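Reviewing the structure listed below.
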2 protein chains.
Amino acid sequence: MSTPGPRRITIKDVAELAGVGVATVSRVLSGGSASAETRERVLDAATKLDYRPSALGRNLRQQRSGGVALLVPDITDGFYARLCDGVLSCARSYREPVTIGVTGDDAEQEADLVGGLLEQSMDRIIAVPSGDGEMWASAVRAGLNVVFADRRVWSPGSHARTLDEVPAVLSDDRSGLRTAIEYLTGLGHRKIGFLARQGMNQRVAAFREAMGDLLDEDLVVFARASRDSAYAAAAGLFQRRADLTAVIAGGNMLGEAAVLAARELYVRIPRDLSLIMFDDVPWAELCSPPLTVIAQPASDVGYRAAELVLRHGRRPRTVSLPTELIVRSSCGPRR
Amino acid sequence: MSTPGPRRITIKDVAELAGVGVATVSRVLSGGSASAETRERVLDAATKLDYRPSALGRNLRQQRSGGVALLVPDITDGFYARLCDGVLSCARSYREPVTIGVTGDDAEQEADLVGGLLEQSMDRIIAVPSGDGEMWASAVRAGLNVVFADRRVWSPGSHARTLDEVPAVLSDDRSGLRTAIEYLTGLGHRKIGFLARQGMNQRVAAFREAMGDLLDEDLVVFARASRDSAYAAAAGLFQRRADLTAVIAGGNMLGEAAVLAARELYVRIPRDLSLIMFDDVPWAELCSPPLTVIAQPASDVGYRAAELVLRHGRRPRTVSLPTELIVRSSCGPRR
DNA sequence: AGTACTCATGGAAACGATTCCATCATCATT
DNA sequence: AATGATGATGGAATCGTTTCCATGAGTACT
């Protein structure tokens with residue numbers, strides 16, 4: 001079928017044409033020391049033959065394949081899409097390919113994916129973790145170079161030490177939530193709900209903390225990664241608790257579900273219910289009414305995470321990027 | 001820094017423990033012929049040692065690295081995000097990693113990316129092509145296994161033969177456009193504009209064709225890949241041609257820009273301007289007014305493309321997936 | 001019994017890079 | 001002039017797998 005084609009140009013060919021040994025060619029090409037004259041001859045030969053080093057050979061020798069892996073819960077979610085974009089744009093400047101996997105916020109799939117990466121000898125990975133500490137701790141011990149993005153893993157007990165070493169790039173949802181809740185309480189709201197997705201432990205914890213005395217545990221509900229599940233969670237909450245006057249959606253899919261469910265149930269926004277959504281997506285402004293949001297620097301999170309895993313130099317423990325409350329028209333005074 | 005750790009388990013270790021040669025182990029593990037007894041001994045040894053074959057070694061030997069590459073113009077665009085999702089979900093069932101690159105609809109970046117893939121010896125690639133036929137033809141000749149998704153390359157002249165061989169998975173925007181335009185003309189519209197992005201040649205051609213006599217070349221405008229550019233194109237069109245009564249946005253970013261620009265310029269939808277957008281994104285329903293759209297099976301396009309490149313069996317020339325006009329409230333009669 | 005054929009099997013040769021190590025030349029120091 | 005230090009250089013080993021080929025055992029057929 002495929003034509004046999006001209007044999008691939010290898011380092012050996014270059015060496016031969018330049019009249020030097022392969023070792024010298026390798027050194028010249030990877031910036032080792034060599035005399036000016038040899039260097040020129042090698043470079044000359046390489047361009048003359050249009051030599052492209054094979055990543056395969058290099059990888060095998062170095063016992064690791066280049067590139068970075070990126071694990072996100074759902075690439076269809078605008079937030080994670082922008083995060084990916086940030087990673088990709090940083091990686092491109094290093095000329096490193098990026099392998100993406102989606103976990104669906106499912107620990108098992110995540111473990112599967114990580115297994116696959118290990119098999120490929122990928123040793124650098126950026127992850128929005130869904131799984132337990134166990135898995136990630138063992139991945140780290142296996143020599144994987146992990147950077148967490150958007151959230152880190154809850155490290156219960158023995159793995160705490162290992163996992164606290166893992167750098168993470170987070171957005172400061174704690175302060176975002178605080179200002180959002182201040183805003184809502186300032187409008188008179190007391191019964192404030194929270195729509196969360198499984199795996200958003202940190203964000204939920206921040207919500208609980210920021211709510212203080214006002215916290216009603218029955219008002220925080222969890223959805224799985226799908227749109228349906230998000231809708232069900234939102235509709236369920238709205239129907240179950242008629243006294244609810246404000247709700248914070250932990251992500252844009254949750255926010256979308258909230259708007260839809262409210263519309264379906266004839267709950268008017270912001271008249272009957274105030275809504276704040278995490279993450280400023282372009283359609284938040286187009287929505288009716290335009291949504292008040294807690295904007296997150298999704299792309300920057302990805303970019304910084306990629307920098308951390310690629311530069312590999314200094315390793316700050318954790319960087320936290322600021323969020324911003326953008327007020328539009330989806331919140332009103334309590335009535 | 002990193003602990004030397006226990007040496008990797010290789011096929012040699014397995015062979016030794018099982019008391020057979022490495023060749024036999026390889027055969028057993030990759031489904032070759034072997035006696036029942038040997039097979040059992042090998043499998044036993046492999047599980048006992050928890051042996052994981054190294055993709056590196058295999059790749060070098062087979063002169064190709066596994067996995068698929070996927071090139072999209074912009075992962076932030078909901079349509080391409082869903083396309084990616086489709087590819088990923090198909091690839092996962094084959095346990096093949098997916099490397100994603102974004103081209104920004106730029107021929108040069110695309111060529112760069114392809115160069116990188118060649119260097120990695122990736123020989124399977126799914127692309128939403130932006131570049132010229134030249135580049136893709138040479139990629140195909142270099143032995144790359146290409147499948148186009150969403151659009152194919154315009155093949156002028158000599159490369160036509162090579163490129164027509166490349167399978168493609170498209171959505172049937174021709175028929176989508178036709179019904180959309182019938183719908184609009186049925187409402188009395190005559191001056192219908194088209195917002196396109198560079199690289200959408202096929203879609204623009206379909207628009208021209210479907211418009212027939214009504215076509216006014218001045219009403220089709222092009223934007224580059226960015227949000228700003230899309231906005232500028234939309235606003236420009238609206239300001240320049242006050243006689244415009246309907247517009248079709250060639251993608252959801254264009255649609256978003258159109259809504260925004262209309263709002264900014266006090267053009268009321270659908271009263272002053274009817275709008276139809278390509279691609280049904282979740283927010284189309286949340287928008288005010290809810291947008292009439294030409295729905296495309298983005299995820300299926302990705303999935304089928306992945307199937308084509310992974311199964312590698314029969315190669316149908318091109319598959320075309322149906323689109324659907326979903327009528328909401330963004331179109332009204334001409335006034 | 002001899003020949004031909006099938007099958008399981010293992011040794012060894014790729015694959016293409018990097019890198020260890022020995023060699024040799026050059027130059028400075030005593 | 002002898003010694004040591006420095007630096008450029010090339011041969012060969014190495015990474016872990018697949019696959020070619022030769023070997024030997026077993027079977028069927030003449």
- Only one of (1) more than 16 Å from DNA strand D (Cβ to nearest atom); (2) open to solvent by 30 Å² or more (accessible area, probe 1.4 Å); (3) part of a helix (DSSP H, G or I) is not met by B:Leu88, so which one is it? (2)
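In the stretch A:32-57, what count of residues is obtained for those that are assigned to a loop (DSSP other than H, G, I, E, B), within 14 Å of chain B (Cβ to nearest Cβ) and within 12 Å of DNA strand D (Cβ to nearest atom)?
Number of matching residues: 1.
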- Item | Residues satisfying the stated conditions in the stretch B:58-79, i.e. more than 9 Å from chain A (Cβ to nearest Cβ) and closer than 24 Å to B:Gly199 by Cα | B:Val68, B:Leu71, B:Val72, B:Pro73, B:Phe79
- Test set (1) farther than 16 Å from A:Pro282 by Cβ; (2) modelled with pLDDT of 95 or more - B:Ala232 fails condition number: (1)
- Residue under evaluation B:Tyr94, criteria (1) without any contact (Cβ under 8 Å) to a residue 12 or more places away in the chain; (2) away from DNA strand C (no atom under 15 Å from the Cβ), criterion not met: (1)
- Among the residues of the stretch A:16-31, which ones are more than 7 Å from DNA strand D (Cβ to nearest atom) and either touching a residue at least 40 places away in the same chain (Cβ under 8 Å) or open to solvent by less than 80 Å² (accessible area, probe 1.4 Å) (or both)? A:Ala18, A:Val25, A:Ser26, A:Val28, A:Leu29, A:Gly31
- Message: Can you tell me how many residues within the stretch A:190-206 are farther than 9 Å from A:Arg174 by Cβ and surrounded by 20 or more Cβ atoms within 10 Å (Cβ to Cβ)?
- Response: 8
- Query: Can we say A:Arg178 is part of a helix (DSSP H, G or I) and either touching a residue at least 60 places away in the same chain (Cβ under 8 Å) or assigned by TED's automatic domain parsing to the domain that holds A:Ala205 (or both)?
  - Reply: yes
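How about the stretch A:267-303: which of its residues are polar (S, T, N, Q) and open to solvent by less than 30 Å² (accessible area, probe 1.4 Å)? Spell out the reasoning first.
At the first step, the residues of the stretch A:267-303 found to be polar (S, T, N, Q) are A:274, A:288, A:292, A:296, A:299.
Once the filter is applied, which keeps residues that are polar (S, T, N, Q) and open to solvent by less than 30 Å² (accessible area, probe 1.4 Å), the stretch A:267-303 yields A:Ser274, A:Thr292, A:Gln296.
Could you please let me know if B:Arg95 is modelled with pLDDT under 95, part of a loop (DSSP other than H, G, I, E, B) and under 30 Å from B:Ala149 (Cα atoms)?
So B:Arg95 passes the test.
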- Give the residue that is modelled with the lowest pLDDT, with candidates limited to residues of the stretch B:153-169 that are open to solvent by 20 Å² or more (accessible area, probe 1.4 Å) and out of contact with any helix residue (DSSP H, G or I) (no Cβ under 7 Å at 6 or more places or on another chain). B:Ser158
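Taking the stretch A:104-124, which residues are more than 9 Å from chain B (Cβ to nearest Cβ), assigned to a helix (DSSP H, G or I) and open to solvent by 20 Å² or more (accessible area, probe 1.4 Å)?
Selection gives A:Ala107, A:Glu108, A:Ala111.
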- Query: (1) under 30 Å from B:Ala295 (Cβ atoms); (2) more than 8 Å from chain A (Cβ to nearest Cβ); (3) buried (at least 23 other Cβ atoms within 10 Å of the Cβ): which one isn't true of B:Gly101, the others all being true?
  - Reply: (2)
- Message: Can you tell me which condition B:Arg61 does not meet? The list is (1) near DNA strand D (Cβ under 9 Å from one of its atoms); (2) at pLDDT 95 or above; (3) touching a helix residue (DSSP H, G or I) at 6+ places or on another chain (Cβ under 7 Å), and all the others hold.
- Response: (3)
- Query: Restricted to the stretch B:1-31, and to residues that are more than 41 Å from the chain's Cα centre (by Cα) and among the hydrophobic types (A, V, I, L, M, F, W, C), which residue is farthest from the other protein chains (Cβ to nearest Cβ)?
  - Reply: B:Val20
- Residues of the stretch B:304-332 satisfying the condition of being surrounded by 22 or more Cβ atoms within 10 Å (Cβ to Cβ), more than 18 Å from A:Leu286 (Cβ to Cβ) and within 14 Å of chain A (Cβ to nearest Cβ): B:Ala306
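Within the stretch B:46-64, count every residue that is at negative phi and within 12 Å of DNA strand C (Cβ to nearest atom).
9
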- Item | Pick from the stretch B:58-83, criterion part of a helix (DSSP H, G or I) and within 28 Å of B:Val25 (Cβ to Cβ), ranking: most open to solvent (accessible area, probe 1.4 Å) | B:Arg61
- Item | One residue from B:Ala298, B:Ala206, B:Ala249, B:Ala210 being of a type in the set (Gly, Ala, Ser) and out of contact with any Lys or Arg (no Cβ under 6 Å at 6 or more places or on another chain) | B:Ala249
- Item | Yes/no for A:Ala257 being among the small types (Gly, Ala, Ser), open to solvent by 10 Å² or more (accessible area, probe 1.4 Å) and within 26 Å of A:Gly302 (Cβ to Cβ) | no
- Query: Which residue, of A:Leu291, A:Leu260, A:Leu273, A:Leu286, is in contact with a Cys (Cβ under 7 Å, 6 or more places away or on another chain) and without any contact (Cβ under 8 Å) to a residue 60 or more places away in the chain?
  - Reply: A:Leu286
- Task: Show the residue pairs that are 6+ apart or on different chains and have beta-carbon atoms under 6 Å apart, the first residue being within the stretch A:50-61 and farther than 11 Å from B:Ser65 by Cβ, the second being open to solvent by 40 Å² or more (accessible area, probe 1.4 Å) and aliphatic (A, V, I, L, M).
- Result: A:Tyr51/A:Ile9
- Task: For B:Asp105, indicate whether it is over 25 Å from A:Leu117 (Cβ atoms) and in contact with a strand residue (DSSP E or B) (Cβ under 8 Å, 6 or more places away or on another chain).
- Result: yes
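The values are calculated or read from the model by the stated rules, or taken from the named source; none is laboratory data. Predicted model only: the values in this text are computed from it and were never measured. Positions of Cβ are backbone-derived with ideal geometry, glycine not excepted, and every protein chain shown enters the neighbour counts. SASA here: full protein model, heavy atoms, side chains in, ligands and nucleic acids out. Shrake-Rupley method; radii C 1.70, N 1.55, O 1.52, S 1.80 Å.
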